[in-house]
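Enquirer: The structure that follows is given in the form of structure tokens.
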Amino acid sequence: MVETKDDIKLKFSKHLFWDIDIDDLDLDKHESYVINRVLDYGLMNDWRLIKKYYGLDRIKNVALDIRSMFPESLAFIANITHTPENLFRCYEQIQSPNPHWNF
């Protein structure tokens, strides 16, 4: 039996997409949003769902361009894809926090 996009969306943890209507979520159109949410807030089952749907190469390519990611999420995706952390766009954000105001 082939799973549809709707079947997959219903299997995600309920807390992942608390701020949107899950019926409006398109797994292909919003792939960056879905992958970022799963990396930052997902459970292992959520990871398995996106890995099965997108594949590791596609997840890696999308994650490389994500602007903001938790340090733990970055370490996870970098490790699992064997990609140096400094190649991810969010790495610069983590390394360059906003400086304090000088008055």
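Enquirer: Of the accessible area of the chain, with the probe set at 1.4 angstrom, what percent is carbon plus sulfur?
Expert: Answer for the chain: carbon and sulfur cover 53 percent of the accessible area.
Enquirer: Report the chymotrypsin sites (Phe, Trp or Tyr not before Pro) located in segment 12-56 that are in a DSSP loop and have at most 12 other Cβ atoms inside 10 Å of their Cβ, or state none.
Expert: TRP18
Enquirer: Continuing with the same structure: Rounded to the nearest 500 deg cm²/dmol, what is the calculated helix-only ellipticity per residue at 222 nm for the chain, with -39500 (n - 2.57) per DSSP H run of length n ≥ 4?
Expert: So the helix-based figure for the chain works out to -15000 deg cm²/dmol.
Enquirer: Hey, what angle do you get for helix 44-54 against the long axis of the chain, alpha-carbon based, 0 to 90 degrees rounded to 10?
Expert: Approximately 80 degrees, to the nearest 10.
Enquirer: Starting from the Cα of THR4, step 7 Å along the direction of its Cβ; do the same at ASN61; then give the gap between the two resulting points in nm.
Expert: 2.7
Enquirer: Under the rule that an exposed site lies in a DSSP loop and has at most 12 other Cβ atoms within 10 Å, name the longest stretch of the chain with no trypsin sites (Lys or Arg not before Pro) of that kind, not counting the sites themselves.
Expert: That gives 30-66 as the longest site-free run.
The values are calculated or read from the model by the stated rules, or taken from the named source; none is laboratory data. All values reported here derive from a predicted model rather than from experimental measurement. Positions of Cβ are backbone-derived with ideal geometry, glycine not excepted, and every protein chain shown enters the neighbour counts. What goes into the accessible areas is simple: the full protein's heavy atoms, side chains included, and nothing from ligands, DNA or RNA. Shrake-Rupley method; radii C 1.70, N 1.55, O 1.52, S 1.80 Å.
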